Amino acid sequence: MRSRLNRRVACLDALLLVVALGAALPFAVGRAHAQSDADFLKAKEAFDRGDRRRLDALAPSLQGHLLLPWVRYWQLRVHLDDADPVDVHAYLAAQAGTPLAERLRTEWLKALARRGLWSEFGQEGVGVAIEDAELACDAAQYQRQLDPAAPLDSLRTTWLSGQATPDLCEPLFAAMFAGGVLTVDDRRARMRLASEAGNVRLVQAVAADLPPAERPVAADFAAIDRDAVAALARGGFAWKTRVGRDLALYALERAARKDSGAAHAGWVRWRDKLPPDERAYGGRRLAYHGARALEPAALEWFRDTGPPAGSIDELAWRVRAALRAKAWPEVLATLAALPDKDADEPAWRYWKGRALSADGRAVEAEALYASLFGDTGFYGLLAAEARGQGPQQLASLRSDAPAPDASALAAFGARLPVRRALKLLALDLRADGIREWSALLRRASDDELLLAAEFARRAGIYDRAISAAERTAQRHDYSMRYPAPFRVEFAAAARDQGVDEALLYGIARQESRFVPDIVSSAGAVGLMQLMPGTARWVAGKVGRADYQPALIASVPLNTQFGAFYFRYWHDRLEQRPALAAAAYNAGPARAQAWRPAFAPLEGAVWVETIPFNETRDYVKKVLANTVLYARLLNLPYVPLTDRLGVVTPRGVGVGAGADPATVAAGSP
């Protein structure tokens, strides 16, 4: 691991020396501090373990290191509960405006609250954005120190969450209940939110605080948790009591998650025992889970609840159920129920246009499609094609920004935040490096963003080039948003494996942003994000007896193996790129299971109704990327609608020649 990091640092140093058309930069990252880089990483390990003594022992050897502010930050963090305020203030002043200072100030405020230093808390907290529940409760507690009767209404949203809240909030919540700010109905509302989130422990914890006569007992929850479908089928709830109905709705949520069809069979036997509002709520939850399970009857289940209503997620899946049923009037009616902010999303504008067109309202549909012109995302491209302007939209994607000159690039590279960001990235501290890079571009103009993108591109840090170029508002450079590095390797992989080169680039841009040795939290490696097991399987299929796990990040091998794996499932999933992309992300068994049960389905509808949010977003971006790359690589134009095609009903198996181990492995 250490040798790989050393190679990354050395490689980055070499790249930086040729940035700005060969201009020598007035610094050299890492070369003079090879040993201190190693000590820096040891200090990071000590911080992660909470080893204060080891961290303090290493700090003196890091004086003068480019990343010394991180070492000082770690020292202050591990000593925060007994830190000298003078030291903290000095650090905050020295690092003002940096991500480290923002993080330290938040943690310092929490430490002051824990220590009961409320006067200092008030002085430090001026102008600090409150972004988490713990700090929100600390701020409310501070207000209570100033005025014991200070209202706590601002904490209602903190309480009304399906997730657990910090223990230190509990006295404040108790005061809110005592003062009538929160009620028993609020407890039930939170129980529902926790149930919807699948947070069983929180459901039962909140229920334990209900009035005794309305409180479910642990045995009731246990019986449902053992077999929610059976409990719902039995229907043995005290229907005339609130506690009985709460348990019935809890059982419905649990059963519908597991098997919406079986849950529906039990639900229809007992739903009339509920009051209308609870019956409508339960029906929406059942239909929501049915829609996500791609249950053909889900739209009818939604209709049983009355006109479109409910949460954003419930409405979104009612739209998707209507799309799969080709029920365009239902699509329009449900989209009309969305709040304006949500209805304005490109996806819903496009589908509203489609629904209007199906209703014969071509002029209104055209206006919605036109509103998406220039949007290079999945729905912007589909809208342009609906207007017959797909090629014209792509032809408009020109760079209107001149290339930065050498002196501007050199000056940018000499900036301390840039040097720190690059060093962090080179040392595999990606989260910190990305945070530092993003902070320095927080209020950048288009010209500054394009300068940063060009600098990163020349340094071979393509993910940062993309992130900077994507943020421009008026002046764009699509060659920077969609870079094509490693052209020799991608062209060879495309040729050897019979895969569209633009499609390979579309996958790699989404998988790795062209960071060659990136490793995901799940263990996927390299440009094409191969899991070790997948790489071994491909090696066997292609007869690579020389394959070793250490080779997995090699760009030539990674691109070849990724291209083979994609083509393997592309060929077995009707040669539909959308199905193959879903298989690449979520596993081929899931991609197969998501195909329609009976009638063929338009490809765009199939993508919109992928149950996993991550995979749905992934497939959209891969296919949109592919269209953009085809343009930038001067490849023939293939409409996105053609790439999507029609998805036919699923067969009995995953596909001819499928490997059971790979099918079971899930995401590559």
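Based on what the data block shows, is Ala230 under 20 Å from Arg187 (Cα atoms) and loosely packed, with under 15 Cβ neighbours inside 10 Å? Don't jump to the end; show me each part of the working.
Working: under 20 Å from Arg187 (Cα atoms): no; loosely packed, with under 15 Cβ neighbours inside 10 Å: yes.
The answer is no for Ala230.
Quick one: which of Ile461, Ile518, Ile466 is over 20 Å from Lys620 (Cβ atoms), touching a Phe, Trp or Tyr at 6+ places or on another chain (Cβ under 9 Å) and either among the β-branched types (Val, Ile, Thr) or open to solvent by 10 Å² or more (accessible area, probe 1.4 Å) (or both)?
Details: Ile518 fails: touching a Phe, Trp or Tyr at 6+ places or on another chain (Cβ under 9 Å); Ile466 fails: over 20 Å from Lys620 (Cβ atoms).
After ruling out the rest, the residue left standing is Ile461.
For region 546-555, indicate whether the set of residues that are in contact with a helix residue (DSSP H, G or I) (Cβ under 6 Å, 6 or more places away or on another chain), modelled with pLDDT of 95 or more, outside any loop (DSSP other than H, G, I, E, B) and surrounded by 20 or more Cβ atoms within 10 Å (Cβ to Cβ) is non-empty.
No, region 546-555 contains no residue that is in contact with a helix residue (DSSP H, G or I) (Cβ under 6 Å, 6 or more places away or on another chain), modelled with pLDDT of 95 or more, outside any loop (DSSP other than H, G, I, E, B) and surrounded by 20 or more Cβ atoms within 10 Å (Cβ to Cβ).
Kindly check whether there is at least one residue in region 29-48 that is open to solvent by less than 70 Å² (accessible area, probe 1.4 Å), at pLDDT below 90 and within 23 Å of Arg458 (Cα to Cα).
Yes, there is a match, as at least one residue in region 29-48 is open to solvent by less than 70 Å² (accessible area, probe 1.4 Å), at pLDDT below 90 and within 23 Å of Arg458 (Cα to Cα).
Among Ala149, Ala90, which is open to solvent by 50 Å² or more (accessible area, probe 1.4 Å) and in a loop (DSSP other than H, G, I, E, B)? Before the answer, list the steps.
On the way: Ala90 fails: in a loop (DSSP other than H, G, I, E, B).
Result: Ala149 is the single residue among Ala149, Ala90 that is open to solvent by 50 Å² or more (accessible area, probe 1.4 Å) and in a loop (DSSP other than H, G, I, E, B).
Go through (1) touching a residue at least 24 places away in the same chain (Cβ under 8 Å); (2) touching a Phe, Trp or Tyr at 6+ places or on another chain (Cβ under 8 Å) for Thr158 and report which single condition fails.
(2)
I need a count of the residues in region 61-87 that are acidic (Asp, Glu) and either outside any helix (DSSP H, G or I) or closer than 21 Å to Leu429 by Cα (or both). Steps first, please.
First pass over region 61-87, keeping only residues acidic (Asp, Glu): 81-82, 84, 87.
Next, from what is left, pick out any that are either outside any helix (DSSP H, G or I) or closer than 21 Å to Leu429 by Cα (or both): 84.
Looking only at that region, the number is 1.
Quick one: which of Glu214, Glu196 is closer than 19 Å to Ala164 by Cα and charged (D, E, K, R)?
On the way: Glu214 fails: closer than 19 Å to Ala164 by Cα.
After ruling out the rest, the residue left standing is Glu196.
Would you confirm whether or not region 394-404 contains a residue that is basic (Lys, Arg), in contact with a His (Cβ under 9 Å, 6 or more places away or on another chain), under 27 Å from Arg457 (Cβ atoms) and in contact (Cβ under 8 Å) with a residue 12 or more places away in the chain?
So the first thing to find is which residues in region 394-404 are basic (Lys, Arg), and the list is 398.
Then keep just the ones that are in contact with a His (Cβ under 9 Å, 6 or more places away or on another chain); that gives 398.
Within this subset, residues satisfying the condition of being under 27 Å from Arg457 (Cβ atoms) are 398.
Adding the requirement that they be in contact (Cβ under 8 Å) with a residue 12 or more places away in the chain leaves 398.
Yes, there is a match, as at least one residue in region 394-404 is basic (Lys, Arg), in contact with a His (Cβ under 9 Å, 6 or more places away or on another chain), under 27 Å from Arg457 (Cβ atoms) and in contact (Cβ under 8 Å) with a residue 12 or more places away in the chain.
Pairs please, first residue from region 342-353 and hydroxyl-bearing (Ser, Thr, Tyr), second anywhere and assigned to a helix (DSSP H, G or I), Cβ atoms under 6 Å, 6+ apart in sequence or on different chains.
Sorted first by the residue in region 342-353, then by its partner, the pairs are Tyr350/Tyr379; Tyr350/Leu382; Tyr350/Ala383.
Within region 242-287, track down each residue that is among the acidic types (Asp, Glu), assigned to a helix (DSSP H, G or I) and either in contact with a Phe, Trp or Tyr (Cβ under 7 Å, 6 or more places away or on another chain) or open to solvent by 60 Å² or more (accessible area, probe 1.4 Å) (or both).
Start the filter on region 242-287 by keeping residues that are among the acidic types (Asp, Glu), which leaves 246, 253, 259, 272, 277-278.
In the following step, the residues that additionally are assigned to a helix (DSSP H, G or I) were identified as 246, 253, 272, 277-278.
Hits for region 242-287 are Asp272, Asp277.
Residues in region 352-363: is at least one open to solvent by less than 60 Å² (accessible area, probe 1.4 Å) and under 30 Å from Arg458 (Cα atoms)?
No; the residues of region 352-363 include none that is open to solvent by less than 60 Å² (accessible area, probe 1.4 Å) and under 30 Å from Arg458 (Cα atoms).
Looking only at region 594-615, filter to residues that are among the hydrophobic types (A, V, I, L, M, F, W, C) and modelled with pLDDT under 95; which one of those is least open to solvent (accessible area, probe 1.4 Å)?
First, the residues of region 594-615 that are among the hydrophobic types (A, V, I, L, M, F, W, C): 594, 597-599, 601, 604-607, 610, 612.
Remaining after also requiring modelled with pLDDT under 95: 597-599.
Details: Ala597: 43, Phe598: 164, Ala599: 59 Å².
If we take residues in region 594-615 being among the hydrophobic types (A, V, I, L, M, F, W, C) and modelled with pLDDT under 95, then Ala597 is least open to solvent (accessible area, probe 1.4 Å).
Mind checking which residues of region 367-380 are closer than 18 Å to Val622 by Cα, part of a helix (DSSP H, G or I) and either in contact with a Lys or Arg (Cβ under 9 Å, 6 or more places away or on another chain) or open to solvent by 10 Å² or more (accessible area, probe 1.4 Å) (or both)?
Phe378, Tyr379
What single numbered condition from (1) modelled with pLDDT under 95; (2) in a loop (DSSP other than H, G, I, E, B); (3) under 30 Å from Phe412 (Cα atoms); (4) among the aliphatic types (A, V, I, L, M) fails to hold for Met480?
If we test Met480 against (1) modelled with pLDDT under 95; (2) in a loop (DSSP other than H, G, I, E, B); (3) under 30 Å from Phe412 (Cα atoms); (4) among the aliphatic types (A, V, I, L, M), just (2) comes out false.
Take Leu135 and decide whether it is in a helix (DSSP H, G or I) and under 32 Å from the mean Cα position of the chain (by Cα).
Values: in a helix (DSSP H, G or I): yes; under 32 Å from the mean Cα position of the chain (by Cα): yes.
Yes.
Just to check your reading of the model, which residue among Ala218, Ala222 is open to solvent by 30 Å² or more (accessible area, probe 1.4 Å) and in contact (Cβ under 8 Å) with a residue 12 or more places away in the chain? Let's see the steps before the verdict.
Working: Ala222 fails: in contact (Cβ under 8 Å) with a residue 12 or more places away in the chain.
It is Ala218.
Before we move on, is Phe455 crowded, with 20+ Cβ neighbours inside 10 Å and closer than 17 Å to Met528 by Cα?
Working: crowded, with 20+ Cβ neighbours inside 10 Å: yes; closer than 17 Å to Met528 by Cα: no.
So Phe455 does not fit the description; no.
Exactly one of (1) in a helix (DSSP H, G or I); (2) closer than 29 Å to Glu614 by Cα; (3) open to solvent by 20 Å² or more (accessible area, probe 1.4 Å); (4) basic (Lys, Arg) is unmet by Arg420. Its number?
For Arg420, the exception is condition (2).
Inspect region 294-317 for any residue being over 31 Å from the mean Cα position of the chain (by Cα) and of a type in the set (Phe, Trp, Tyr) and give the result as yes or no.
No, the conditions are met nowhere in region 294-317.
For region 616-668, how many residues meet the condition of being open to solvent by less than 20 Å² (accessible area, probe 1.4 Å), at pLDDT 95 or above and over 27 Å from Leu397 (Cα atoms)?
Count: 1.
Does region 428-440 contain any residue that is within 19 Å of Leu632 (Cα to Cα), at pLDDT below 95 and either open to solvent by 10 Å² or more (accessible area, probe 1.4 Å) or over 26 Å from the mean Cα position of the chain (by Cα) (or both)? Talk me through it step by step, then tell me what you get.
Filtering region 428-440 down to residues within 19 Å of Leu632 (Cα to Cα) leaves none.
Within region 428-440 (the criterion being within 19 Å of Leu632 (Cα to Cα), at pLDDT below 95 and either open to solvent by 10 Å² or more (accessible area, probe 1.4 Å) or over 26 Å from the mean Cα position of the chain (by Cα) (or both)), the answer is no, since none of the residues qualifies.
Quick check on my filter: what residues within region 172-183 are aliphatic (A, V, I, L, M) and open to solvent by less than 50 Å² (accessible area, probe 1.4 Å)? Steps first, please.
Narrowing region 172-183 to residues aliphatic (A, V, I, L, M): 172, 174-176, 178, 181-182.
The answer is Leu172, Ala175, Met176, Val181, Leu182.
If I filter region 441-452 down to residues being part of a helix (DSSP H, G or I) and hydrophobic (A, V, I, L, M, F, W, C), which single residue comes out as most open to solvent (accessible area, probe 1.4 Å)? Lay out the reasoning, then the answer.
Taking region 441-452 as the starting set, the residues that turn out to be part of a helix (DSSP H, G or I) are 446-452.
Still in the list and also hydrophobic (A, V, I, L, M, F, W, C): 449-452.
Working: Leu449: 4, Leu450: 13, Leu451: 33, Ala452: 0 Å².
Among those that are part of a helix (DSSP H, G or I) and hydrophobic (A, V, I, L, M, F, W, C), it is Leu451.
Conditions tested, residue by residue: (1) acidic (Asp, Glu); (2) modelled with pLDDT under 90; (3) within 30 Å of Gly198 (Cα to Cα).
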{"position": "Arg114", "(1), (2), (3)": "no, no, no"}
{"position": "Ser119", "(1), (2), (3)": "no, no, no"}
{"position": "Gly127", "(1), (2), (3)": "no, yes, no"}
{"position": "Asp138", "(1), (2), (3)": "yes, no, yes"}
{"position": "Leu152", "(1), (2), (3)": "no, no, yes"}
{"position": "Arg156", "(1), (2), (3)": "no, no, yes"}
{"position": "Ala178", "(1), (2), (3)": "no, no, yes"}
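Residue by residue through region 483-493, note down the ones that are open to solvent by 10 Å² or more (accessible area, probe 1.4 Å) and part of a helix (DSSP H, G or I).
Arg487, Val488, Glu489, Ala491, Ala492, listed by residue number.
Could you look through region 404-417, keep only residues that are part of a helix (DSSP H, G or I) and either β-branched (Val, Ile, Thr) or in contact with a Leu (Cβ under 8 Å, 6 or more places away or on another chain) (or both), and pick out the one that is farthest from Leu66 (Cα to Cα)? Steps first, answer last, please.
Looking only at region 404-417, we keep the residues that are part of a helix (DSSP H, G or I), and these are 406-413, 416-417.
Now restrict to residues that are either β-branched (Val, Ile, Thr) or in contact with a Leu (Cβ under 8 Å, 6 or more places away or on another chain) (or both): 406, 408-410, 412-413, 417.
Numbers: Ala406: 24, Ala408: 22, Leu409: 20, Ala410: 18, Phe412: 17, Gly413: 14, Pro417: 10 Å.
So, considering only residues that are part of a helix (DSSP H, G or I) and either β-branched (Val, Ile, Thr) or in contact with a Leu (Cβ under 8 Å, 6 or more places away or on another chain) (or both), the one farthest from Leu66 (Cα to Cα) is Ala406.
Cβ-Cβ under 6 Å, sequence separation 6+ or interchain: first residue in region 621-650 and without any contact (Cβ under 8 Å) to a residue 12 or more places away in the chain, partner open to solvent by less than 70 Å² (accessible area, probe 1.4 Å) and aliphatic (A, V, I, L, M). Which pairs?
So the pair list comes out empty.
The values are calculated or read from the model by the stated rules, or taken from the named source; none is laboratory data. In this text, all values refer to a predicted model and were calculated from it rather than measured experimentally. Here Cβ is always computed from backbone atoms with ideal geometry, including for glycine, and neighbour counts include all displayed protein chains. We work out accessible area using only protein heavy atoms, side chains counted, and drop any ligands, DNA or RNA first. Shrake-Rupley method; radii C 1.70, N 1.55, O 1.52, S 1.80 Å.
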